[in-house]
Every structure is written in structure tokens, then in C-alpha cells.
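Here the structure comes first, spelled out in C-alpha cells, and everything after it is commentary.
What follows draws every value from the coordinates through simple rules; no lab data is involved. No experiment lies behind these values; they were computed from the predicted model shown. Here the Cβ is made from the backbone with ideal geometry for all residues, glycine too, and neighbour counts use every protein chain on show.
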């Protein structure tokens, strides 16, 4: 009797499984909204496997042949350069599922994988990937979406790193640093452009109403925007050349950030003197995105 009930259960489960021809739901805002997903032809699994093999062989000509001409026009050179830069690459999928949205011609290949990359310059990287490859009705890849998990043992590319200590111990001491992306880089670039034009009014846009500057000579100066109006009066010309801009913030804190700017500034004064320094400056942006503190370090230029 026990064997009979097991057999009935297996048979019934199999019948119900065969009845399932669609699942899930597309929730994008277009004509397919609300439509379910269907399994697509396994031919796409074979096509994807061949594509991955050509990618691992770093054969740019074969790889580009899988894409639409529009995709190649936009991304082809970048793909060629990437493959040429690799010494070795191992893209290893562990799951692939071809699906279609009901009433849509395009087929989506969902691919879960691990990828190991080694560049000719010696850098190494490991990634966990979830990717969606959209094939058009001519079986060409027209779009790629990629989501990454970065291996914490990687030599570069991690989302967090370093460590904040602070002059005095605080609740933030020991936390990691992250890149900030609130427009600080463009703000510094615009400021430097205005500075080189000796445009005091445009320079004011960077700053809070009042701010403090710790100069390289050790002096601490409190200033307001109005103090910038005569800033360039003693200069004949100025050249400020950027070396780098690094916007950082402490992980899991308010939006305030610190931007490390490396540069060289040469001032020709109206009295004939020349002020020529290489600089490392910390620009501190407040929660409103304005600079309220600057710390400057300088050294003489030998050449």
C-alpha cells in the first residue's frame, strides 16, 4: 500500500510539473508588462557556450561576430582592447537558462558564472557574475546587463578599502573608506578652470559661506566668500595643473566627504616674484556639497 501511494504521488507531481509552461512576471513599463516568462530553445545554451569558449580564447574577431552591428559600433573597440590586454581569462559558467517574455521575439540568456582575469601587466581579479544577454530575432546579442560580486581577496577594484584613524579616536576610527560620488570631481575641475582664469566670482561657487584653510606654512585662516574678491589682485598670472583628484568618505557616515587633490601651482606675481609649488590638498565637502575646510601641504619644485 505504501508503494502504491508513493507511485500515485510521483505520477501526480509529474503531471502538475508538465502543466507548468510559464512562470514569473515581466514588470517593465512596456507592452509586455505583466506577461510571464517562458523557457526558450536550448539552442541558445549551445550558442552561449560557444561564445564563452571564444571569449576565453581571447579571439576578438569571433567574439564580435556574436553581437549586432549596432552593439559592435558602440562597444567593439573596447571589447578588442580588453581581450588584447588579458594574459589569461577564464569565464566559467555554473548555470545558464534561456527564457523569453511571452509575446516578445527576443530571447534572454541568464548566465551565472565565476570569472578569473589576469592582465599582461600582472594584475589579477576574480569576479562572481550574473549576466543577462539579450538576443534579437536574428540571434545576435543586442544588449548585455551585468551584476558583479567582487572577490574580497582581489588586488584592486574593491568597493571599500583603506582605514580611517583620525587625529583623535572616535566612533569612526577603524572604519573603511569608500569613493564618494556627489559631484566632487567636477566641482574641483570647474574650480581649477576658474582659478586659472583668475575668476574670483566663479571660484566662490565651490565654497560654503565661511570656510577655513590650513596653509602649508602652518597658518590657519578663516575666510568668507567675500574674502575671495581680491584674491588675485597681486597676481600677473597663475597656472594650476592637476595631477589627481581622489574623492573619499568614511563608510556608513553622512554624505560629507574629503577630496585629496595633487597638483602643481605656479603664480607669477606683479612684483616679479614666482611662487611655484607641488601641492597635496584636502578639500572637505560638507553635507550640502560645499567646501568648508582645506588643508594644504606643499614642496618646492626643483626643475
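Structure notes:
- Average projected area [Cα convex hull, the chain], square nanometres: 26.8 nm²
- Here's the picture: a label point sits 7 Å out from the Cα of residue 181 along the beta-carbon direction, and within the range 228-263 the residues with their amide nitrogen under 19 Å of it are 245-260.
- The chain: relative contact order as a whole-number percent, Cα under 8 Å and 6+ apart: 10 percent
- For the pair the range 153-212 and the range 67-92, the centres of their Cα atoms are 34 angstrom apart.
- The chain: angle of helix 43-56 to the longest principal axis, Cα-based, in degrees nearest 10: 40 degrees
- Compared with the dominant Cα axis of the chain, that is its longest principal axis, helix 2-19 is turned about 60°.
- In this calculation the C-beta distance from residue 78 to residue 53 is compared with R0 = 22 Å, giving a FRET efficiency of 0.60.
- Ranked packing of 198-204, 129-135, 161-167, most packed first, by mean Cβ within 10 Å: 129-135, 198-204, 161-167
- With R₀ set to 41 Å, the beta-carbon distance separating residue 279 from residue 94 gives a calculated FRET efficiency near 0.25.
- Gyration tensor (alpha-carbon) shape descriptor, the range 127-229, a/c threshold 1.5: oblate
- Nearest 10 degrees, 0 to 90: helix 184-196 Cα axis against the chain principal axis: 30 degrees
- Difference of contour (0.36 nm per residue) and Cα-Cα distance, residue 21 to residue 156: 44.2 nm
- Helix content alone sets the calculated 222 nm mean residue ellipticity of the chain: runs of n ≥ 4 DSSP H residues at -39500 (n - 2.57) each, divided across all residues, give -7000 deg cm²/dmol.
- Exposure proxy ranking, count of Cβ atoms within 10 Å, fewest first, for 79, 20: 20, 79
- The modelled label-to-label distance between residue 210 and residue 172, using points 7 Å beyond Cα along the C-beta direction, is 2.1 nm.
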